[in-house]
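Notes follow the structure.
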Amino acid sequence: MYENQEWLGLMIGNTRLHWGYFVGAILQKTWDIDRIHKWEIEENINVEIVVRKLLKNTLETQNIKLNHQMPLLIASVVPQQTVLWETYPWSDMITLEKLPLQGLYPTLGIDRALAVLGAGTKLGWPVLVIDAGTAITFTGADVQKKIVGGSILPGLRLQLSSLIAGTAMLPLVDIPIELPPRWAKETATAIQSGIIYTVLAGIKDYIVAWREEFPEGQIVLTGGDRILLLTHLTKLFPELGATIIDAPEVIFWGIAKIWHQIY
């Protein structure tokens with residue numbers, strides 16, 4: 001019966017809510033929405049009712065009907081959001097303890113762990129996942145499905161906003177769609193150049209180091225800024241860019257693996 005079971009996966013990220021709609025183990029559709037905040041819920045209003053209404057509404061935008069007792073698997077890196085969505089009666093939280101990976105450590109983000117699990121399950125081990133989201137993270141696992149480690153740095157927009165917040169005279173700029181000149185002649189472009197080229201150089205360095213240790217390992221790129229970074233990376237380092245797998249749904253592959261274990 002579970003082959004035709006409709007269910008939902010929810011990854012609560014630092015910036016948005018990432019949704020996946022499944023039938024059995026097959027991911028049918030993904031979409032993102034803004035997070036709900038506690039202060040948006042009126043006092044003396046049942047939080048569960050609000051959450052179920054929001055769930056119903058977001059499903060309707062995707063032409064999906066909220067069926068009675070539709071299961072919801074939740075992973076979260078934002079505790080305040082977790083508390084809200086756990087009020088949904090048919091929800092189940094995904095924690096590190098439920099992941100069939102070795103070498104997990106308590107402070108490892110569930111998003112990073114699920115992405116590695118999904119990538120390795122779908123594409124093979126060893127695997128390095130680069131997540132270009134609010135933060136840019138690198139997470140690797142070996143052929144024994146053991147986490148070998150990784151790193152975290154501020155994402156592109158976080159780097160831009162920190163410059164503005166920490167200085168008095170620098171202008172607000174956006175991430176460039178086209179590669180900026182490396183040697184800029186005005187301040188806004190200089191900021192873009194500094195962030196883009198150092199991030200791309202850092203990504204290249206990690207990929208080269210990964211290849212040296214795991215020559216047969218897969219390299220996967222996910223996250224909201226993945227297309228922009230992959231485009232720029234391929235332009236600067238064509239051979240390197242060609243080896244990177246674009247996998248926007250990798251976390252949901254990991255959630256599907258957990259669904260198999262539970263059901």
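The values are calculated or read from the model by the stated rules, or taken from the named source; none is laboratory data. These numbers were taken from a predicted model, which means no experiment stands behind them. Cβ coordinates were reconstructed from backbone atoms using ideal geometry, including for glycine residues, and neighbour counts include every protein chain displayed. We work out accessible area using only protein heavy atoms, side chains counted, and drop any ligands, DNA or RNA first. Shrake-Rupley method; radii C 1.70, N 1.55, O 1.52, S 1.80 Å.
Selection within the range 101-116: residues that are touching a residue at least 60 places away in the same chain (Cβ under 8 Å) and among the small types (G, A, S). The member of this set that is farthest from G223 (Cα to Cα) is A113. With the condition kept exactly as written, say whether any residue in the range 194-208 is assigned by the TED database to the domain that holds I245, over 30 Å from L123 (Cα atoms) and of a type outside the set (V, I, T). Within the range 194-208, one or more residues are assigned by the TED database to the domain that holds I245, over 30 Å from L123 (Cα atoms) and of a type outside the set (V, I, T).
Checking P106 against (1) touching a strand residue (DSSP E or B) at 6+ places or on another chain (Cβ under 9 Å); (2) closer than 15 Å to V77 by Cβ; (3) open to solvent by 30 Å² or more (accessible area, probe 1.4 Å); (4) outside any strand (DSSP E or B), only one condition comes out false. Which one? All conditions pass for P106, except number (1). From the list D205, D246, D174, the one residue that fits, being closer than 30 Å to P71 by Cα and exposed (fewer than 15 other Cβ atoms within 10 Å of the Cβ), is D246. On inspection, E48 fails the criterion of being of a type in the set (D, E, K, R), open to solvent by less than 100 Å² (accessible area, probe 1.4 Å), at pLDDT 80 or above and under 14 Å from W19 (Cα atoms). Reported count of residues in the range 1-27, each being of a type in the set (G, A, S) and either open to solvent by 50 Å² or more (accessible area, probe 1.4 Å) or part of a strand (DSSP E or B) (or both), is 2. Determine if the range 222-231 includes at least one residue that is part of a helix (DSSP H, G or I) and touching a helix residue (DSSP H, G or I) at 6+ places or on another chain (Cβ under 6 Å). Within the range 222-231, none of the residues are part of a helix (DSSP H, G or I) and touching a helix residue (DSSP H, G or I) at 6+ places or on another chain (Cβ under 6 Å).
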